[in-house]
Amino acid sequence: LETLTDGAKVTGNLEVTGTITGAGGSFLPLIGGTMTGDTIHNDNVKSIYGTASDGLEIYHDGSNSYVSDTGTGTLNLRGSTQVLISGVNGQVGVQYIEGGAVNLRHNNAQKLSTTNTGIAVTGDGAFTGDVALADNKKVLFGAGNDLQIYHTQGASGSFIQNFTSDLYINQAAVTQSIFFKTS
């Protein structure tokens, strides 16, 4: 241990069994070692990785917590097999599986999942806008795709096809009509 005019110098290891404190702006530099205890930051005190204007910030403002990319580039979250975004009680909202699906959950129940051919939806879907399908793409109903609705490209037309049993068109509104129009 050596005293200097502006402080002290330690050669070798330093073990602290108490608390290291200091005036504003104090920090404990650690070059190539392992910190084995928790660090506690007051509200609005940020852990900054990179430079202050172009890095990663982690902090709590007294009400909310933030992980923020403050500069150029992309904020990447990576996991060796999966990445989960969950609430404080552990209920998963978003699940990314390496080389597999991305799942969205509600109340910890899977509702939307990507597949190798598109998406899979569990439960009802509510749309507030149009649902658009390209030419020759079908809306399929039934376990065997027994009812199909689609439009073909060009002059071939539009189709409602039923491949099993009877096809019912039911006007359930009492005293109302069904209209078929041609040009």
Margin query: Within segment 129-137, does at least one residue satisfy the condition of being part of a strand (DSSP E or B) and closer than 27 Å to A109 by Cα?
Written below: no
Checklist line | Search result, residues across segment 116-140 that are among the hydroxyl-bearing types (S, T, Y) and either in contact with a strand residue (DSSP E or B) (Cβ under 9 Å, 6 or more places away or on another chain) or surrounded by 10 or more Cβ atoms within 10 Å (Cβ to Cβ) (or both) | finding: T122
Notebook entry, point to check: Within segment 161-169, can one find any residue that is assigned to a strand (DSSP E or B) and either closer than 25 Å to L104 by Cα or among the hydrophobic types (A, V, I, L, M, F, W, C) (or both)?
Noted result: no
Check: So, of the residues in segment 152-179 that are open to solvent by less than 80 Å² (accessible area, probe 1.4 Å) and touching a His at 6+ places or on another chain (Cβ under 9 Å), which turns out to be farthest from V139 (Cα to Cα)?
Finding: G157
Margin query: Against the definition (small (G, A, S), touching a residue at least 12 places away in the same chain (Cβ under 8 Å) and open to solvent by 90 Å² or more (accessible area, probe 1.4 Å)), how does S113 come out, yes or no?
Written below: no
Item checked: Matching residues, segment 34-50, being of a type outside the set (F, W, Y) and open to solvent by 80 Å² or more (accessible area, probe 1.4 Å) -> T34, M35, T36, D38, T39, I40, H41, N42, D43, N44, K46
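Which of the residues that make up segment 157-166 are of a type outside the set (F, W, Y) and within 42 Å of the chain's Cα centre (by Cα)? Talk me through it step by step, then tell me what you get.
Start the filter on segment 157-166 by keeping residues that are of a type outside the set (F, W, Y), which leaves 157-158, 160-162, 164-166.
Matches in segment 157-166: G157, S158, I160, Q161, N162, T164.
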Notebook entry, point to check: Right, E57: open to solvent by 100 Å² or more (accessible area, probe 1.4 Å) and modelled with pLDDT of 75 or more or not?
Noted result: no
Next item on the list: Being free of Cβ contacts under 8 Å to residues at least 12 places away in the same chain, in a loop (DSSP other than H, G, I, E, B) and open to solvent by less than 100 Å² (accessible area, probe 1.4 Å) is the filter here, so list the residues in segment 62-92 that pass it.
Entry: S63, N64, G73, N76, G87, G90
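The values are calculated or read from the model by the stated rules, or taken from the named source; none is laboratory data. A quick note: this is a predicted structure, and the numbers were derived from the prediction, not measured. When we count neighbours, we look across all protein chains shown, and the Cβ atoms used for this are built from the backbone with ideal geometry, even at glycine. These area figures cover heavy atoms from the full protein model, side chains too; ligands, DNA and RNA do not enter into them. Shrake-Rupley method; radii C 1.70, N 1.55, O 1.52, S 1.80 Å.
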